[in-house]
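Below: the structure, in structure tokens.
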Amino acid sequence: MSKVETILKQFADVAANPKKAMDDYTAETGKGAVGILPYYAPEELVHATGYLPMGIWGGNKSISKARTYLPAFACSIMQQVMELQCEGAYDDLKAVIISVPCDTLKCLSQKWKGTSPVIVFTHPQNRGLEAANQFLVQEYKILKTKLEKILGVTITNADIEASIKVYNENRAIMREFVKVAADYPQVIDPIARHAVFKARMFMEKSKHTALVKELLEEIKAMPIEPWTGKKVIVTGILAEPNGLLEIFKEFGLAIVDDDLAQESRQIRVDVLDGEEGPLYRLAKVWQNMYGCSLATDTKKVRGKMLMNKVAQTDADAVIVAMMKFCDPEEWDYPVYYRQFEEKGIKSLMIEVDQEAQSFEQIKTRIQSFVENM
Ligand code: SF4
């Protein structure tokens, strides 16, 4: 096995077994993990405690118990989270942090069935106002106080600054990874690309950064070869499980950039330097976020952002990975679809259902889309 293959296997192993990643971390540090539900929690605050922030983004299970608590039209990812909660999958977490930027998350935050303490906070949707940022600073102060109490630690400003540095470095190396993966699709196929991103949710970030650096050094020493397949940008909440990404691979689709909430939206905005305290600058990340269905944007820049990505990467098309029953993503779609039509950008929408075990319909649609390209 080459060094690149060995490193990619390490990422794939972590991505496939978050429980082991958490247990290994606990054995190594004597501390445990804090669950982070999607979207824009200030993970740096958890990192500053020495506990491991663990992303919670659903799974790939058959749903039965979750139906008691969530309506059938709740999104696929939260059905999975509820099912896993009911099975006690999150009960080893020391705490769970939930932001509530959509109705489904608001609903889920009030119905948590796990035994870990839950910390809920709100992102203000009027993102242009200084008062909104001050509101979020207050939310982060409350979150920090609750974390300190639950974990029995004190989080100093110096701790937070150190964690901000670690996270900014990780975001920077991941942005470089996205570019390198686009140049070397023969080496980084869609499944490997996803594994590098997914492992990021379960690894201590400085360790993840070091491993990605090692990977990039190896890959960049290789010659860049021409890609004979098609190149695509993927947008949406997430694109998994691997069965879905296998189809991309089978039909020669290279993912040359993404706008997935689970992937590049996580690394899009850094915490900026400045005179203000760390909580203020952490809160600013929400105001600086763009092109995401969860962050209200009256100017609707997402379509333009995606078209820029198409131009920058010379992509052939945009694949929309539409999370089943996700209202925020469904509301954005008609706006950017019309912009694509006006500019002649090819796109294909596929539905992501985390419960799915078979992908024949998606396979047929992707196959015909590729043939038509
Ligand atoms: S943003 Fe969409 S996918 Fe995410 S929790 Fe809300 S409804 Fe579900």
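Read-outs throughout are calculated quantities, based only on the coordinates presented, and are distinct from any laboratory measurement. Being a predicted model, the structure only gives us computed values, none of them experimental. So basically every Cβ, Gly included, is an ideal-geometry build from the backbone, and we count neighbours across all protein chains shown.
Below, the figures for the structure above:
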read-out	value
Inter-label distance, nm, simple model (7 Å from Cα along the C-beta direction), E250/V301	3.9 nm
Overall Cα dimensions of the chain, principal axis frame, Å, largest first	57, 45, 44
Gain upon complete extension [D23, T6; 0.36 nm per residue less C-alpha separation]	3.9 nm
Label-point gap, in nm, between E341 and K111 - each point 7 angstrom along Cα→Cβ	3.5 nm
Under 19 Å from K309, Cα to Cα: lysines that are on another chain or at least 8 residues apart	K179, K230, K231, K299, K300, K343, K346
Mean residue ellipticity (222 nm) of the chain, computed from DSSP H runs ≥ 4 via -39,500 (n - 2.57), nearest 500	-16000 deg cm²/dmol
Segment 1-87: chymotrypsin sites (Phe, Trp or Tyr not before Pro) in DSSP coil with no more than 15 other Cβ atoms inside 10 Å	F73
Model label zone, T156; criterion: amide N under 16 Å from point 7 Å along Cα-to-beta-carbon; scope segment 20-62	48-50
Residues whose placed amide H lies under 5 Å from that of D270, excluding near-sequence neighbours	none
Extension gain from E225 to F135, taking 0.36 nm per residue of separation minus the Cα-Cα distance	27.4 nm
Cα centroid of segment 53-131 to Cα centroid of segment 149-176, whole Å	23 Å
For G55, net neighbour charge (Lys/Arg +1, Asp/Glu -1) across residues whose Cβ lies under 10 Å away	+1
Chain lengthening between E169 and T145 when straightened (0.36 nm per residue, less Cα-Cα)	6.0 nm
Under Karplus coefficients 6.51, -1.76 and 1.60, residue-wise ³J(HN,Hα) of segment 257-274 in Hz, glycine/proline x	5, 9, 9, 8, 4, 7, 10, 5, 5, 6, 10, 5, 10, 8, 7, 7, 5, x
Reduced Cα scattering model of segment 31-144, Debye log10 I(q)/I(0), q = 0.12, 0.23 Å⁻¹	-0.44, -1.30
